[in-house]
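> Take a look at this one; I'll ask things after.
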Amino acid sequence: MLKKNSTYAVFEKPGQDFQFKIVPIPDLKEGEILVRNSYCALCRSDLNTYIGKRTEKSPTILGHEIIGRIEEFGPNAPQTDLRGNRLEIGDRITWAIYSSNPESYYSQIGIPQKAPDLFKYGHEQITETSNLHGGLSEYTILRKNTPLISIRNEVPDPVAALINCSVATVAGALRLAGNLNGKTILINGTGMLGIIACAMAKENGAKKVIAADSNRSRADLARKFGADISISGGDKEIIIRDLTAIEPQSALEVEVVLEFSGNPESMENTLQILNIGGVAIWVGATFPQRDVTVSAEYMIRNLLTIKGLHNYNEQDLLFAVNFIEQNHSSYDFNGLVVDNFTLKMVNDAFNYAIEKTPFRAGINLISKNKA
């Protein structure tokens, strides 16, 4: 088989333009699969790395919200996906943000994303022996023990690309929250994850979904994605005031908070409006910031639970794929992605995403992507 080259965009340091590199695609190792990338969405964490709000090993290939098609199987590569479906050349697949040893302790207790041998797509350093591991590239090499799932072709690329970060992370948050049937859920922070969470909570039996965001238009948009009530976030008194004005009981019956803003004040304030026995899932605080102040007495007397989530597991990825396949035509997730960029326009895409703050900027990696 004639070996191909791959072009990728190199991230060196915050604020510096991406440079392009062309490398030969190496022979695949044990258990590896070569994927021809179709589409990559720019996650908020990619933008935070680009502006220096968070730090990654560099040089690197950013981008982990990816969708693509199988190009080649390495020796003893998996032949079936997580659903047990047989894999073939040309199959459209999504995969986990990580690969790790499924026999490790952390994998065995359900958090493979924290295993000691963890490899994360879109986060690894480029070396002489390791590249093609991010979405801003024509190809990705899936390492051994990467969970993957074939996905239906009718799901649009920009929506399918969201699965292996945004959607799967929300699925993990709902798993930690427990049974949502008949419950009132407050979703704080209605960026891409919060919007998806509104729809996912509603589809999974929540009685009432409240969307809160400091950006009023984003909170209101959440109503098109399953939210019953939208409020503009603020301190505890403002949240309760707004909820009481709309629906008096809502401020008294919040049983689950899904916190995606990552704002310390918001985490503190939304904890204060949980009902007795309530659960808060904290997801958004993935960058350095001040410590959160929590009253131990308040937590104890109100029987509250806080759970943190970073990334997700195989169960969550499978749940995410099923959710998108079943609901992508019911909610306009596709309309949340600005779909105007190719790989050679990666600098424009990042600058646009930072300046205009769309829910997502997307990069089409098919055909017109030569740098």
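> Give me a count of the residues in the range 55-66 that are touching a His at 6+ places or on another chain (Cβ under 8 Å) and either acidic (Asp, Glu) or open to solvent by 50 Å² or more (accessible area, probe 1.4 Å) (or both).
2
> Any residue at all in the range 80-89 that's out of contact with any Cys (no Cβ under 7 Å at 6 or more places or on another chain), in contact (Cβ under 8 Å) with a residue 40 or more places away in the chain and of a type in the set (Val, Ile, Thr)?
no
> Taking the range 70-95 as the region of interest, how many residues are outside any loop (DSSP other than H, G, I, E, B), of a type outside the set (Val, Ile, Thr) and either within 20 Å of residue 138 (Cβ to Cβ) or open to solvent by less than 50 Å² (accessible area, probe 1.4 Å) (or both)?
5
> Can you go through 45, 58 and tell me which one is touching a residue at least 60 places away in the same chain (Cβ under 8 Å), in a loop (DSSP other than H, G, I, E, B) and of a type in the set (S, T, N, Q)?
Sole residue among the options that is touching a residue at least 60 places away in the same chain (Cβ under 8 Å), in a loop (DSSP other than H, G, I, E, B) and of a type in the set (S, T, N, Q): 58.
> Only helices (runs of 4 or more DSSP H) wholly contained in the range 166-264 count here; list those with 1 or more residues that are buried (at least 24 other Cβ atoms within 10 Å of the Cβ) and of a type in the set (Gly, Ala, Ser).
It comes to 168-177, 192-203, 216-221.
Residues are listed down the side, and each one gets a yes or a no for (1) open to solvent by 10 Å² or more (accessible area, probe 1.4 Å); (2) under 20 Å from residue 348 (Cβ atoms); (3) at pLDDT below 95:
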position	(1), (2), (3)
13	yes, yes, yes
42	no, yes, no
45	yes, yes, yes
53	yes, no, yes
68	no, no, no
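> Still on this model: Of the conditions (1) under 30 Å from residue 219 (Cβ atoms); (2) more than 13 Å from the chain's Cα centre (by Cα); (3) open to solvent by less than 10 Å² (accessible area, probe 1.4 Å); (4) polar (S, T, N, Q), residue 137 satisfies every one except a single condition; which number is it?
So the condition that residue 137 fails would be (1).
> Out of everything in the range 140-165 that is closer than 19 Å to residue 97 by Cβ and of a type in the set (D, E, K, R), what residue ends up being surrounded by the fewest Cβ atoms within 10 Å (Cβ to Cβ)?
144
> Same structure, new question: Could you tell me whether the range 274-287 includes any residue that is touching a helix residue (DSSP H, G or I) at 6+ places or on another chain (Cβ under 9 Å), at negative phi, assigned to a helix (DSSP H, G or I) and hydrophobic (A, V, I, L, M, F, W, C)?
The answer is no; no qualifying residue exists.
> All but one of (1) in contact with a strand residue (DSSP E or B) (Cβ under 8 Å, 6 or more places away or on another chain); (2) in contact (Cβ under 8 Å) with a residue 60 or more places away in the chain hold for residue 29, so report the exception by its number.
In the conditions (1) in contact with a strand residue (DSSP E or B) (Cβ under 8 Å, 6 or more places away or on another chain); (2) in contact (Cβ under 8 Å) with a residue 60 or more places away in the chain, residue 29 misses (1) alone.
> Determine whether the range 9-22 contains at least one residue that is part of a loop (DSSP other than H, G, I, E, B) and among the acidic types (Asp, Glu).
Yes, there is a match, as at least one residue in the range 9-22 is part of a loop (DSSP other than H, G, I, E, B) and among the acidic types (Asp, Glu).
> Starting from the range 340-360, keep only residues that are touching a residue at least 12 places away in the same chain (Cβ under 8 Å), then list their pairs with residues that are in a loop (DSSP other than H, G, I, E, B) and open to solvent by 20 Å² or more (accessible area, probe 1.4 Å) whose Cβ atoms are within a distance under 6 Å, requiring at least 6 positions of separation or different chains.
As it stands, the answer is 342/368; 344/371; 347/17, since those pairs meet every condition given.
> Looking at the range 96-134 only, could you name the residues that are open to solvent by 20 Å² or more (accessible area, probe 1.4 Å), in a loop (DSSP other than H, G, I, E, B) and farther than 18 Å from residue 11 by Cβ?
101, 102, 103, 109, 110, 111, 116, 117, 118, 129
> Before we move on, is residue 354 part of a strand (DSSP E or B) and either open to solvent by 30 Å² or more (accessible area, probe 1.4 Å) or touching a Cys at 6+ places or on another chain (Cβ under 6 Å) (or both)?
So residue 354 does not fit the description; no.
> Give the range 300-351 a look and list any residue that's assigned to a helix (DSSP H, G or I) and under 30 Å from residue 15 (Cβ atoms), or say none.
Scanning the range 300-351 gives 336, 343, 344, 345, 346, 347, 348, 349, 350, 351.
> Failed condition for residue 335, given (1) touching a residue at least 24 places away in the same chain (Cβ under 8 Å); (2) open to solvent by less than 60 Å² (accessible area, probe 1.4 Å); (3) of a type outside the set (Val, Ile, Thr); (4) under 26 Å from residue 222 (Cβ atoms), with all others met?
(1)
> Which ones in the range 280-307 are in contact (Cβ under 8 Å) with a residue 40 or more places away in the chain and crowded, with 19+ Cβ neighbours inside 10 Å? First the steps, then the outcome.
To start, the set of residues in the range 280-307 that are in contact (Cβ under 8 Å) with a residue 40 or more places away in the chain comprises 281, 283-284, 286-288, 307.
Selection gives 281, 283, 284.
> So residue 31 fits all but one of (1) within 22 Å of residue 91 (Cβ to Cβ); (2) in a strand (DSSP E or B); (3) in contact with a Pro (Cβ under 9 Å, 6 or more places away or on another chain); what number is the exception?
Status for residue 31: all satisfied but (2).
The values are calculated or read from the model by the stated rules, or taken from the named source; none is laboratory data. This structure is a prediction, so every number in the text was calculated from the model and none was measured. Backbone-built Cβ (ideal geometry, glycine too); neighbour counts: all protein chains shown. Ligands, DNA and RNA are stripped out before the accessible areas are found, and what is left, the full protein with its side chains, is counted by its heavy atoms. Shrake-Rupley method; radii C 1.70, N 1.55, O 1.52, S 1.80 Å.
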